[in-house]
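Inspection log for the structure reproduced underneath, given as structure tokens.
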Amino acid sequence: MKVVFSVIFAVFILSISNAQVDRNFNVVNKTVVTYNDTLKLHFLQDSTMHTQGWDTLPQAIFWRDVINMTSDTCIVNISYCRKPINRVNRSVWMSQSEPEKLCYKDSLCKIYDVESSDHLFVTAGKGEFYQVKKVLPIISRAITAFEKIIVILGMRRQFF
């Protein structure tokens, strides 16, 4: 299940990359060269993610950072908008008592002029969970699964 989710998520992340695509098709064909293999892969492309600016939204940027960051680092962020205001080492953060964490968050609120009613979240990196490089060889299978889901739900025309 974790691999399937990672593959589908990788399709989503890679669809917001700057791949060149023929405007008549929704699938991008790429050749990916690794140190020990060459793969011909297929990726979904949705140009509206770029033209409508979805890839530049603060939430999208925040989660892209979380996915690419290893779990030994945390982003301290404003909860309602996920605006990052600091990064901390996870082991240092976890070794602090709750009063120490609260004091640290209060000091950040003062430094960055954040209302005390706005909660600060501490979000650990998820780089080990979303291992895009490991799922690249089977990413084309995710497109087939994605297309089957869309056909089953009767939403093909809506998305394509």
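For this structure, a couple of remarks:
- Estimated FRET transfer efficiency (Asn89, Phe146; beta-carbon r; R0 35 Å; 0.05): 0.40
- Taking 19 Å as the limit for the C-alpha separation, the pairs Lys40/Lys133; Lys40/Lys126; Lys101/Lys126; Lys83/Lys126 exceed it in the case of Lys40/Lys126; Lys101/Lys126.
- Sites Asp118 and His50, calculated FRET efficiency, Cβ-Cβ separation with R0 25 Å, nearest 0.05: 0.25
- Note on Gln96 and Leu57: with the Förster distance fixed at 22 Å, the Cβ-Cβ geometry gives a FRET efficiency of about 0.10.
- Based on Cα atoms of the range 72-124, Rg over Rh with Rh as the Kirkwood radius reads 0.94.
- In order through the range 49-55: 3J(HN,Hα) via Karplus (6.51 cos²θ - 1.76 cosθ + 1.60), integer Hz, x for Gly, Pro: 4, 8, 5, 8, x, 4, 6
None of the figures in this text is laboratory data; all of them are computed from the coordinates on show. Just so you know, these numbers come straight off a predicted model, no measurement behind them. All Cβ positions, even for glycine, are placed from backbone atoms using ideal geometry, and neighbour counts span all protein chains on display.
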